[in-house]
Structure formats: C-alpha cells, structure tokens
Amino acid sequence: MTIQQCYVRQDALTDPGAFAGAYDDLPETIAGLREVVSGLIVHVALAQLYDMPPDAPMIRQTQPVADRLQATQASFAGSLTATRPPRNRTFGTCRDYALLLCSMLRHRSIPARVRCGFATYIAGDIYHDHWICEYWSPGEQRWRQADAQLDALQIEQQQITFDCADLPRDAFLTAAQAWQLARSNAVAAGAFGHAGTTGLWFLHVNVYRDLLSLTNRQMSDWDGWRDATPDNKVLKIDALAELDRIADMVTAFENGAEQIVALDQAASHRLTPPWHS
C-alpha cells in the first residue's frame with residue numbers, strides 16, 4: 001500500500017455516512033470545496049467576529065463529519081453550497097473545518113489527511129496552534145495544504161494574500177517541523193503555542209497529536225492538554241529524545257519513506273498523555 005492509498009479511505013471521523021448525498025452537487029475544484037467548508041462552520045473563538053450572541057451554545061469538541069452534516073441540515077436544510085448566515089452555521093474549531101474538507105476529498109478518491117501544527121498567519125506574535133488539511137497532487141507528486149477555516153471575512157481581516165487552497169510552504173508548519181526548528185534553536189520554543197501556553201511542552205503535545213492524526217486518530221486524549229498539571233509539564237531528557245525520534249520518523253515519512261506501520265506502532269503506544277495515566 002502506498003502512502004497515498006493510506007489516505008483515500010474514509011475513517012470513523014471523516015465518513016459522511018448517511019449524508020454522503022450532500023456531496024453530490026459540490027464544486028469540482030478543491031478551491032471551491034474549501035470555500036464551501038469555510039461557510040458551514042463558525043469557529044468558537046471567532047464568534048464575536050460574526051456577531052453571535054454570547055449565550056449561543058458553542059460546542060468546541062470535534063464532531064464526526066456525519067454528525068456535523070446532520071447538524072448542518074438541521075440548522076439550515078438544503079445544499080451545502082447555499083449561503084448560510086452565521087447564525088445558521090454550526091460551531092467548531094479549526095480541526096472541524098479540516099476534517100470536513102478531508103471527508104469531501106476522500107469521497108472523490110483524492111488522498112487527504114488532517115495535520116496538526118502551527119500557522120504563521122493567525123496571530124502576529126506567535127506560531128499559532130492550528131489544524132489544516134493536506135491533499136495529494138499527482139501532477140506535482142507532493143502534498144498540498146489547504147486551510148478550510150478562512151472565509152471571506154477572515155481573509156479580509158487577516159489580510160490574507162495567498163491561495164488558501166494551496167498554502168505557501170512557510171505558512172503552516174507541521175508539529176514535527178516546528179519541533180525540529182525549536183530543538184535546533186532556529187526558532188525560539190516560546191514562539192509556538194496556543195494563547196498563553198507556549199514552549200516545548202505545548203510543542204510536544206502537538207507532535208503527538210499530529211502523529212496520531214497521521215494514523216487517522218484525529219481525536220485523542222491529548223486534546224485535553226488544558227487539564228495537565230504543572231508537574232506534567234516538565235519534559236525529561238528521555239522524553240525529549242523520544243520526541244526527536246518521532247519528529248525524525250514523521251519527516252522521513254513525509255519524504256517518502258514507507259513508515260506507516262512504524263508510525264502506527266508509535267501512535268498506538270502514545271494514545272494516553274501523562275496527565276491521564
């Protein structure tokens with residue numbers, strides 16, 4: 001099985017299930033699909049940008065795509081291509097956008113996967129924790145990256161000038177890339193994070209989350225990083241060495257090494273973070 005074949009089949013989270021028919025009238029282009037997804041969800045952290053009432057029930061936990069599509073139809077029945085006012089969209093986070101785009105691409109037999117890492121275009125002061133979707137370009141024989149979260153309003157607010165369906169190579173760093181930059185002191189570890197949580201400890205959270213996502217485990221106990229105690233945020237020498245090894249393994253995998261079995265084995269041993277053990 002090639003690397004690309006690993007990411008054609010739907011998994012438990014990306015499978016649209018009974019709502020697969022909702023994909024029938026979607027645009028032909030990946031840019032068009034990305035734009036549709038950007039108009040189906042409101043990021044919980046950006047609710048005020050869309051004038052959402054503060055008492056609106058905002059679900060942060062990632063949902064399976066089938067559940068997302070069901071909720072989308074319940075809120076605003078009809079084609080996914082229809083323009084939905086923000087109040088008729090569902091709530092989610094960046095990972096929900098990435099999962100939905102990944103689902104649409106796999107439905108068309110386009111290899112796609114969800115990646116965890118850091119964006120350079122969301123917050124000006126840090127490399128911000130973020131999730132995007134990668135898809136295989138057979139003509140170029142490489143993975144392209146798409147950010148399905150950025151709708152017209154966000155593109156204007158953040159003054160985005162690049163193609164959101166084909167991110168520049170330096171716009172998004174996978175967690176392994178970010179880890180290696182921090183470990184080599186090319187970029188300060190404190191430049192990576194989520195709001196007030198930055199540094200090697202948060203980097204290590206995303207290294208494991210990306211490892212798990214590469215093996216189609218896009219949700220995991222590592223998502224509960226906010227529950228970690230100060231004692232759990234100390235990385236010992238052996239932990240650093242293991243993370244170096246995993247980052248190297250992911251990099252080799254991205255460069256074409258047939259390491260999916262090794263990645264899966266590494267992921268299966270890291271399903272539970274220290275604060276849940």
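The values are calculated or read from the model by the stated rules, or taken from the named source; none is laboratory data. In this text the structure is predicted, and so the values were computed from the model without any measurement. Cβ: placed from backbone, ideal geometry, glycine included. Neighbour counts: every protein chain shown. Keep in mind that these areas ignore ligands, DNA and RNA; they rest on the heavy atoms of the full protein, side chains included. Shrake-Rupley method; radii C 1.70, N 1.55, O 1.52, S 1.80 Å.
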Just name the residue that is nearest to Arg108 (Cα to Cα) out of those in region 22-34 that are in contact (Cβ under 8 Å) with a residue 24 or more places away in the chain and of a type in the set (D, E, K, R).
Asp25
Look at region 173-221 and say how many of its residues are over 18 Å from Arg113 (Cα atoms), touching a residue at least 24 places away in the same chain (Cβ under 8 Å) and in a loop (DSSP other than H, G, I, E, B).
1
What are the pairs with Cβ atoms under 8 angstrom where one residue, in region 244-273, is assigned to a loop (DSSP other than H, G, I, E, B) and the other, located anywhere, is small (Gly, Ala, Ser) and at pLDDT 90 or above? Sequence gap at least six, or different chains.
Gln259/Ala252; Leu271/Ser220; Pro273/Gly224; Pro273/Ala228
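With a cut-off of at least 1 residues that are touching a Gly at 6+ places or on another chain (Cβ under 9 Å) and surrounded by 13 or more Cβ atoms within 10 Å (Cβ to Cβ), name the strands (runs of 3 or more DSSP E) lying wholly within region 58-172.
112-119, 127-137
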Subset of region 7-22 [surrounded by fewer than 17 Cβ atoms within 10 Å (Cβ to Cβ) and outside any loop (DSSP other than H, G, I, E, B)]:
Gly17, Ala18, Ala20, Gly21
For residues that are over 19 Å from Leu150 (Cα atoms) and out of contact with any strand residue (DSSP E or B) (no Cβ under 8 Å at 6 or more places or on another chain), scanning just region 45-56, find the one that is least open to solvent (accessible area, probe 1.4 Å).
Pro53
Any hit, region 147-161, residues being of a type in the set (Asp, Glu) and in contact with a His (Cβ under 6 Å, 6 or more places away or on another chain):
no
Right, Trp201: of a type in the set (Phe, Trp, Tyr), closer than 30 Å to Tyr7 by Cα and either in contact with a His (Cβ under 7 Å, 6 or more places away or on another chain) or open to solvent by 10 Å² or more (accessible area, probe 1.4 Å) (or both) or not?
yes
